[in-house]
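Report on the following structure.
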Amino acid sequence: MNLGPGTAVRIKDAWPEADGPVHVRTPHYVRGRSGTVVRHLGDFPDPGDIAFERKPAMRSLYHVAFRLPDLFPDATGDELLVEIYDHWIEAAGRAQA
Amino acid sequence: MNVREAESGRLLAALTSLLSERGLISDDELAARMAITESASPKQGARIVARAWTDPGFRERLLADGTAAVEEAGVFMRGLPPLGVLENTSEVHNVVVCTLCSCYPRAVLGYPPFWFKSPGYRARTVRDPRGVLAEWGTAIPEDVRIRVVDSTADYRWMVLPMRPAGTEGWSAEALADLVRDSDMIGVTQPKASL
């Protein structure tokens, strides 16, 4: 996956913690929400693997921007930036949460 | 020894003596590394900010690659997560939070303040940043966008605040004295008279 700045994306609406022990670095409040890639930050070993002593997959890490009102209905018109690994990102254009 | 239940002091002693016995680390190296860890404090970050305010080339390098720029300025970064620097401008004000735990750029800011780790700060900053900043006495004008940066993964983030008005001609040392940890997290802004 190679996403340039400005690419519209959606964070997967996945809840792996419901299926058993996991280590997840994707905050719950962005799952299923749409945002915009700001930039590629680099490639890093997956902390979800490291936490369980598995051989880590390399993940591309992206800074993704969201409008705060898209995350919290009572928020002001500011923005939020968060680091998201590529396996949590899907193409935008699907039904918005 | 059961490593899951061992008392932490005993565990540390066992680990360091094994590393030493096997020649993987010397006592001098260990002492030097502990001194580096203990020297980390917001004063390092304040020095970096003051240099960025007074040296445009350094500011540019700092924003492009925080890790390389602070290493150039004498901060030991080997083995630490990469550092990203977020610039406050007349259009955007950055504020950093770690909602998942307490990720913090320790090399430049030292240990995180207690409130940074509190559930209240972590939960409220993403949802109501203007409300949180107001409690710090920080009013960001309506036409300035607040950018909340949730530090969730491999990077650590530090804010480069705006240089306060009334500091024209000040030395980098005098400027560094104005900069607090809260300014580099983004909940406050440095002022010429504290």
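The values are calculated or read from the model by the stated rules, or taken from the named source; none is laboratory data. Computed from a prediction, not measured in an experiment: that's the story for all the values here. Note: ideal-geometry Cβ built from the backbone for every residue, glycine included; neighbour counts use all protein chains shown.
The table below lists the values:
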{"quantity": "Among the residues listed as A:Val37, A:Val22, A:Val9, the single one being out of contact with any Lys or Arg (no Cβ under 9 Å at 6 or more places or on another chain), assigned to a loop (DSSP other than H, G, I, E, B), more than 12 Å from every other protein chain (Cβ to nearest Cβ) and of a type outside the set (D, E, K, R)", "calculated": "A:Val22"}
{"quantity": "All helices (runs of 4 or more DSSP H) inside region B:1-86 with 1 or more residues being touching a Pro at 6+ places or on another chain (Cβ under 7 Å)", "calculated": "B:42-54, B:66-72"}
{"quantity": "Single residue of B:Gly169, B:Gly131, B:Gly137 found to be within 14 Å of chain A (Cβ to nearest Cβ) and either in contact with a helix residue (DSSP H, G or I) (Cβ under 8 Å, 6 or more places away or on another chain) or farther than 21 Å from A:Val30 by Cα (or both)", "calculated": "B:Gly131"}
{"quantity": "Condition check for A:Gly77: within 10 Å of another protein chain (Cβ to nearest Cβ), surrounded by fewer than 18 Cβ atoms within 10 Å (Cβ to Cβ) and not in a loop (DSSP other than H, G, I, E, B)", "calculated": "no"}
{"quantity": "Residue list for region A:80-97, filter: at the interface with chain B (Cβ under 10 Å from one of its Cβ atoms) and closer than 21 Å to A:Asn2 by Cβ", "calculated": "A:Leu81, A:Val82, A:Glu83, A:Ile84, A:Tyr85"}
{"quantity": "Residue satisfying all of: in region B:107-140; outside any helix (DSSP H, G or I), hydrophobic (A, V, I, L, M, F, W, C) and surrounded by fewer than 17 Cβ atoms within 10 Å (Cβ to Cβ); farthest from the chain's Cα centre (by Cα) among these", "calculated": "B:Ala139"}
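Residue-wise test of (1) charged (D, E, K, R); (2) surrounded by 14 or more Cβ atoms within 10 Å (Cβ to Cβ); (3) under 17 Å from the mean Cα position of the chain (by Cα); (4) in the same structural domain as B:Val85 (by TED's automatic domain parsing).
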residue	(1), (2), (3), (4)
B:Asp27	yes, no, no, no
B:Met34	no, no, no, no
B:Gly45	no, yes, yes, yes
B:Ile48	no, yes, yes, yes
